[in-house]
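What follows is one structure encoded as structure tokens, with my remarks underneath.
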Amino acid sequence: MNRHIYPRASSVSAEERLGVLGHSPMVLWLTGLSGSGKSTIASEVEKRLIDLGMAAYLLDGDTMRTGLCSDLGFSAEDRAENIRRLTEAAYLLADSGLIVLVSAISPTRACRDAARERISPRCDFVEIYVSAPLEVCEARDVKGLYKKARAGEIAEFTGITSPYEPPLDPELVLDTASLSVDECASAVVAEVVRRQYLSVMVDAALRAGKEIMEVYGESDFKVELKADNSPLTIADRRSNETIVNMLKSRFPFIPILAEESSDDPARHVSPRCFIVDPLDGTKEFIKRNGEFTVNIALAYKGTPIAGVVYVPVTGDLYFGVKGGGAYLRGADGKTERLQVSGRTNGLVVMRSRSHADPREEELLEKYKSRIARTISSGSSIKGCKVAAGEADVYIRFGPTMEWDTAAMQCICEAAGAIVRQTDATPLTYNRKNPKNEIGFYIINRLENDFVNPNNGAVANAPKEYGSDE
């Protein structure tokens, strides 16, 4: 750098930008052969992140070569300079607080390592290997480039006449020969939300669960009654305090609606809000039947976009991300992706152990020919069973609270379930009055809508590779 140049530091701190944007900057670097699916995936991820309220921007290799890098060719030197410019552009955008997606072949490990070295001191750098065999990429050949390279019309074409060095230790590998665009985009979105919010939410749920189990193991504990005659224990309070303190410490700019805390009026004007039920199923906790959970959700503009449901007794951890899939991490540490079942007959119906309703009885009688069995349970476990495909229908008449449903809804919808109020309208969150005045239901398929059987929806066609390449 010229010794007469003096870079000017921003007068806006990273913390100030974080408070405005609501998330930390990141660079997601997608690398792979031409036709592997980089741009298609990156474009879909960009759209999903925007939907989650995250300021995301895509830097596409071809687009950069029409402007900032239009003076460069494809020699080894020009390719290195192309990636250097991409790196600097990504750095500046990330420094402004954005989540930056870079979609570029970036064929050498050296150029990608240089990008990481430049960017990682400022923010997370996530290398994503978009992997597909050469023959698959050639078969797609949306731009006709492989055909031209084979004919000798394009010199130094990566994968044909110029080498590509796959990453040795990327943060993510997306095998587009076997995974759909949706599966790949979901994996990337889940990783982004994990790094931004979910890891803290999960840690808070686990620590709260430990507090709960310490009380659960005692021979006796005091039970109080709140104003609405619902029970309250020291476990509720200790769990609530643990979660709220952890969320406030890491995200002071996001207000919290928690069952055992006084309401925070700041949430009424905030697009984001954490919604916390520190001990869902206190009645089951008191009965010592193990059917209680810790629920933590993050809502954006009234929609839950991240949810965690932890079952302290079993160690099962359910979590979901809007646009990023739903997952179950068992006590053994193994994680599996959840998907609702496709059943329309031989249905398994979840029922509330503590909140029976004659309207539910009527529906079960009406559709008994399609129902194989019913299972009674407490807390959000019921909805999570639908998300996991172990059950198909859960109907709850009567009022609930936002903290009862938010995390469970996020997980269920991320697994493909349909969640509606009993009048067929969507549940919304971070309302001034957090009471869900009417009931709700969760179903695996529209055909199993016992409450509003005439309502339907048309699914969007799945996206295919090449549509944005």
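The values are calculated or read from the model by the stated rules, or taken from the named source; none is laboratory data. Being a predicted model, the structure only gives us computed values, none of them experimental. Here the Cβ is made from the backbone with ideal geometry for all residues, glycine too, and neighbour counts use every protein chain on show.
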### Query
Here are some conditions: (1) closer than 20 Å to Ala42 by Cβ; (2) modelled with pLDDT of 95 or more; (3) not in a helix (DSSP H, G or I). Glu183 meets all but one. Which one does it not meet?
(3)
### Message
Given the criteria basic (Lys, Arg) and farther than 18 Å from Met408 by Cα, does Lys248 qualify?
### Response
yes
## Note on the structure
Checking Glu291, Glu260, Glu284 in turn, the sole residue that is more than 30 Å from Ser369 (Cα to Cα), in contact with an Asp or Glu (Cβ under 6 Å, 6 or more places away or on another chain), of a type outside the set (Gly, Ala, Ser) and assigned to a loop (DSSP other than H, G, I, E, B) turns out to be Glu260
### Task
For Thr293, state whether it is crowded, with 23+ Cβ neighbours inside 10 Å, more than 20 Å from Val188 (Cβ to Cβ) and either modelled with pLDDT of 95 or more or assigned by TED's automatic domain parsing to the domain that holds Asp51 (or both).
yes
### Message
Suppose the filter is touching a helix residue (DSSP H, G or I) at 6+ places or on another chain (Cβ under 6 Å), modelled with pLDDT of 95 or more and not assigned by TED's automatic domain parsing to the domain that holds Glu211; does Leu338 pass it?
### Response
yes
### Which listed residue, of Ala80, Ala9, is among the hydrophobic types (A, V, I, L, M, F, W, C), out of contact with any Lys or Arg (no Cβ under 7 Å at 6 or more places or on another chain) and either buried (at least 21 other Cβ atoms within 10 Å of the Cβ) or not in a helix (DSSP H, G or I) (or both)
Ala9
### Message
Quick check on Tyr327: is it at pLDDT 95 or above, closer than 24 Å to Ile212 by Cα, under 17 Å from the mean Cα position of the chain (by Cα) and not basic (Lys, Arg)?
### Response
yes
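Could you say which residue among Ala149, Ala110 is in the same structural domain as Ser43 (by TED's automatic domain parsing) and touching a helix residue (DSSP H, G or I) at 6+ places or on another chain (Cβ under 9 Å)?
On the way: Ala149 fails: touching a helix residue (DSSP H, G or I) at 6+ places or on another chain (Cβ under 9 Å).
That would be Ala110, the only listed residue that is in the same structural domain as Ser43 (by TED's automatic domain parsing) and touching a helix residue (DSSP H, G or I) at 6+ places or on another chain (Cβ under 9 Å).
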### Query
Has segment 88-98 got any residue that is over 30 Å from Arg8 (Cβ atoms), part of a helix (DSSP H, G or I) and of a type outside the set (Ser, Thr, Tyr)?
no
